[in-house]
């Protein structure tokens, strides 16, 4: 009895989590353009989507921003986590404290303060400023994620390697990085998710030529969304879903290995 | 030493990657900042095809937002903007606009001279009219049968949670002022207090504030009454012929939106090409047919069909324009409006 | 410079540049302009004034603060209510199933939150899916008002922020010793008693962590209030956005932001006093 109740509750919450997305997917196949009643099946909107260069461009921009900021913040985050772990320097504590600011501060404050600084420095708002803003809020998450793995690794391994004549570079690339991989990957995944999900900071830091999908949808919600947006969302979701499933399968394999060990 | 080389190579690659993600090749572009729902995508695409100039199009939903975007962005970010009357005046005062060189515009003669030489920019030195708009009350007659002739009629308790308004503080507070017999641009605190009370009284009837498209509320029957821009009302009418337009007896808010080039714009010749393209009779016709605001282009007027001409929501009658009011620059007092707006919400 | 120093330089430089340029500089600048005067139409005059802070404490803006805190508080509370049974139910599954279910929680997250808000709009409006289904089933006669009011805002906030509660709570529930639970029920404690006496105290770090990660963003999510609230409500996010993008009063917007940062700091101090660790935040 308890099992049934629990499972029912899980189903209920998952329905809550997925309902808004399922409804958008459903309406991407709808013949009516109003997103109100499902009238009949069509692939028309998918065809429309590939004619709509504004929409495709916004998707392209979103992927560029997410991709570049994920890679950059993962690289900087990993280097920084290791640096903060291994070396001590003046002001390290302050750096450590400041790192948490993007994590805890309301996004809107980060958004407007970056906007103000861009204005101060006369940076031209566009893809570059947008990517910089995304890197800004992603790095701390990567650092936190990598650091949690760093604390668990055995420092004797790198000492042993050094004794055996390995160079610092070899130690970092051949020993440290592979050991940190789980943390790096989960940090990267987190960065990607945060970048794809962000609305508030993008809203303030994007400029002409940097129209991303959320910004596009935001202006369209007000003027009326056409179902080709639904089609776009559906395609994007499939893509993301496959990506996530692959990563889960990989992680499950590892879990299995650990269990069998 | 080899390690140092390796590190620097990694750093260089990394920086190269960073830069390659952000820089775009130097094709001809024009950065247009416009109201949302003003120029259909197809017009922009055909301009791109015809001229090879890429249009970076971004939008704003109030004059203040336009001002904020232009002044907070680096100088020269935007090449063409579409501010309304009073905002043109403000921007001229703040020296934010380039002088327009009308000789670069072959089609400038298409404009109806009636709309030129307005008080906010005498002699059209900085701006040229694009379209005109007016607020209007639209009513879904499927559900509302009462006679509505005045803003005061909106207070009727029957309309509980059934009215949508434009999300623009100057227009809506202006409406409340008009409803109570005050000047739409007053800075008199007593008058504003009355306007506040009136809006608070109206609030239970308000379903939502939406600057960009209250028409959706009418079309989806989310609300049966809306105070909105004329073209939005006309578009709603295309979806539902039982929507009626009412120009209230106190007068409507008017707005004339204009082409203007911000100071220091980097792609001015492209901006002129874009303006000239839009001033073409056939192009303006396409724009007006998609977003039926009041057309100010004489050459286009002759091409427009009866659907447009006989619809009072799109082709605003001259009497309405005469009895209407423009939002005026009220300087520092805008803070009073700002606070009042926060109080109402 | 010898190679050792260069290595240190290599590892430390990026983080220092990052922290000073992208975190410290923007915040210091905001703090600075919050003491500036705004001029007529958007400019700033760099003369020192505390007028902006005096203005923040005007009754009108205080009520915006209170409303925001109220909404964020309710959101946090509902997220807690939903998340506890959820993570407990998940923790009773096999490790493999747990992993899959937790991944599923993240899937909606990978579409943009604004897009999901649009999905809610399609669901909740008067002619929306939920009302149509309910009317079709004859449950209701008149469509319910599910959005353009407080209900819509809360649904949007809870939906958007729920994973931020689920993730930390899940990782702290998975650390609870199952033998402790067994012992508790063996000793005859009721389920409720086990929950409040054992599970809650053991998962407090996750609870605080989640509450922090739900509460502070909720103060600023202007787009949810705009879309599902119909622009009728103003929370801090809208207020700040308006000051920066509409009213052009940057110094005042900056002052509100600084007060918001102070509120956030208070929450964080409370979190630390309660034994929360900073490095747990944003882990997941």
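The values are calculated or read from the model by the stated rules, or taken from the named source; none is laboratory data. Just so it is clear, the model here is predicted, and its values are computed rather than measured. With ideal geometry, Cβ positions are generated from the backbone for all residues, glycine too; neighbour counts draw on all protein chains shown.
If the condition is being surrounded by fewer than 23 Cβ atoms within 10 Å (Cβ to Cβ) and within 13 Å of chain A (Cβ to nearest Cβ), then the range C:125-145 contributes C:126, C:127, C:128, C:129, C:130, C:131, C:132, C:133, C:135, C:136, C:143. A count restricted to the range A:24-41 and to residues that are surrounded by fewer than 15 Cβ atoms within 10 Å (Cβ to Cβ) and at pLDDT 85 or above stands at 1. The single condition from (1) within 11 Å of another protein chain (Cβ to nearest Cβ); (2) buried (at least 22 other Cβ atoms within 10 Å of the Cβ) that residue A:249 fails is (2).
In the range C:216-230, is there at least one residue being part of a loop (DSSP other than H, G, I, E, B), within 14 Å of chain B (Cβ to nearest Cβ) and either surrounded by 18 or more Cβ atoms within 10 Å (Cβ to Cβ) or touching a helix residue (DSSP H, G or I) at 6+ places or on another chain (Cβ under 9 Å) (or both)? The answer is yes; a qualifying residue exists. Being free of Cβ contacts under 8 Å to residues at least 60 places away in the same chain and facing another protein chain (nearest Cβ under 7 Å) narrows it down to one residue among C:81, C:22, C:66; which is it? Among C:81, C:22, C:66, only C:22 is free of Cβ contacts under 8 Å to residues at least 60 places away in the same chain and facing another protein chain (nearest Cβ under 7 Å). All of C:262, C:239, C:266 fail the test of being in contact with a helix residue (DSSP H, G or I) (Cβ under 6 Å, 6 or more places away or on another chain), more than 23 Å from residue C:109 (Cα to Cα) and part of a helix (DSSP H, G or I), apart from C:239. In a loop (DSSP other than H, G, I, E, B), crowded, with 16+ Cβ neighbours inside 10 Å and more than 9 Å from every other protein chain (Cβ to nearest Cβ) - does that describe any residue in the range A:62-82? Within the range A:62-82, none of the residues are in a loop (DSSP other than H, G, I, E, B), crowded, with 16+ Cβ neighbours inside 10 Å and more than 9 Å from every other protein chain (Cβ to nearest Cβ). Taking the criterion of being within 11 Å of another protein chain (Cβ to nearest Cβ), in a helix (DSSP H, G or I) and over 15 Å from residue A:83 (Cα atoms), the residues of the range A:141-177 that qualify are A:141, A:170.
Filtered by the rule that a residue be surrounded by fewer than 17 Cβ atoms within 10 Å (Cβ to Cβ) and either modelled with pLDDT of 90 or more or facing another protein chain (nearest Cβ under 8 Å) (or both), the range B:24-35 gives a lone residue, B:24.
Which members of the range B:140-158 meet the condition of being within 14 Å of chain C (Cβ to nearest Cβ) and in contact with a strand residue (DSSP E or B) (Cβ under 6 Å, 6 or more places away or on another chain)? Please lay out each step first, then the result.
In the first step, residues of the range B:140-158 are kept if they are within 14 Å of chain C (Cβ to nearest Cβ); the result is B:140, B:142-143.
Within the range B:140-158, B:140 is the sole residue that qualifies.
Scanning for something within 18 Å of residue B:270 (Cβ to Cβ) and within 21 Å of the chain's Cα centre (by Cα), does the range B:156-164 turn up at least one residue? No, the range B:156-164 has no match at all.
Look at (1) in contact (Cβ under 8 Å) with a residue 60 or more places away in the chain; (2) surrounded by fewer than 21 Cβ atoms within 10 Å (Cβ to Cβ) and you find that residue A:134 fails only one, number (2). What's the number of the only condition in (1) buried (at least 24 other Cβ atoms within 10 Å of the Cβ); (2) within 26 Å of residue C:105 (Cα to Cα); (3) at the interface with another protein chain (Cβ under 9 Å from one of its Cβ atoms) that residue A:207 fails to meet? Condition (2) is where residue A:207 drops out.
Among the residues here, residue B:323 does not qualify as over 29 Å from residue B:48 (Cα atoms) and under 16 Å from the mean Cα position of the chain (by Cα). For the range C:173-194, the set of residues classified as touching a residue at least 24 places away in the same chain (Cβ under 8 Å) and assigned to a helix (DSSP H, G or I) consists of C:173 only.
The condition of being under 25 Å from residue A:27 (Cβ atoms) and either away from every other protein chain (no Cβ under 11 Å) or buried (at least 22 other Cβ atoms within 10 Å of the Cβ) (or both) holds for only one of A:185, A:190, A:213, A:180, that being A:213. Inspect the range B:67-85 for any residue being under 27 Å from residue A:117 (Cβ atoms), touching a strand residue (DSSP E or B) at 6+ places or on another chain (Cβ under 8 Å), within 14 Å of chain C (Cβ to nearest Cβ) and part of a helix (DSSP H, G or I) and give the result as yes or no. Within the range B:67-85 (the criterion being under 27 Å from residue A:117 (Cβ atoms), touching a strand residue (DSSP E or B) at 6+ places or on another chain (Cβ under 8 Å), within 14 Å of chain C (Cβ to nearest Cβ) and part of a helix (DSSP H, G or I)), the answer is yes, since at least one residue qualifies. Would you pick out the residues in the range B:107-131 that are within 17 Å of residue B:328 (Cβ to Cβ) and surrounded by fewer than 21 Cβ atoms within 10 Å (Cβ to Cβ)? Scanning the range B:107-131 gives B:118, B:119, B:122.
Scanning the range A:115-139 for residues that are farther than 18 Å from residue A:212 by Cα and either within 7 Å of chain C (Cβ to nearest Cβ) or under 14 Å from the mean Cα position of the chain (by Cα) (or both) yields A:116, A:117, A:120, A:139. If you go through the range A:83-94 and keep only what is touching a residue at least 12 places away in the same chain (Cβ under 8 Å) and within 8 Å of chain C (Cβ to nearest Cβ), you end up with just A:84.
Inspection of the range C:172-184 identifies no residue that is within 14 Å of chain B (Cβ to nearest Cβ) and either exposed (fewer than 14 other Cβ atoms within 10 Å of the Cβ) or at pLDDT 90 or above (or both). Scanning the range A:106-131 for residues that are assigned to a loop (DSSP other than H, G, I, E, B) and either within 14 Å of residue A:198 (Cα to Cα) or in contact (Cβ under 8 Å) with a residue 24 or more places away in the chain (or both) returns A:106, A:124, A:125, A:126.
For the range C:255-274, indicate whether the set of residues that are at the interface with chain B (Cβ under 10 Å from one of its Cβ atoms) and more than 15 Å from residue A:104 (Cα to Cα) is non-empty. No.
Pull up the range A:27-50, narrow it to residues that are within 11 Å of another protein chain (Cβ to nearest Cβ) and over 28 Å from the mean Cα position of the chain (by Cα), then point me to the one that is nearest to residue B:43 (Cα to Cα).
Going through the qualifying residues, I end up with A:33.
Quick grid of which residues meet (1) within 14 Å of chain C (Cβ to nearest Cβ); (2) over 22 Å from residue C:226 (Cβ atoms); (3) within 21 Å of the chain's Cα centre (by Cα):
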| position | (1), (2), (3) |
| --- | --- |
| B:203 | yes, no, no |
| B:222 | yes, no, no |
| B:249 | no, yes, no |
| B:256 | no, yes, yes |
| B:271 | no, yes, yes |
| B:277 | no, yes, yes |
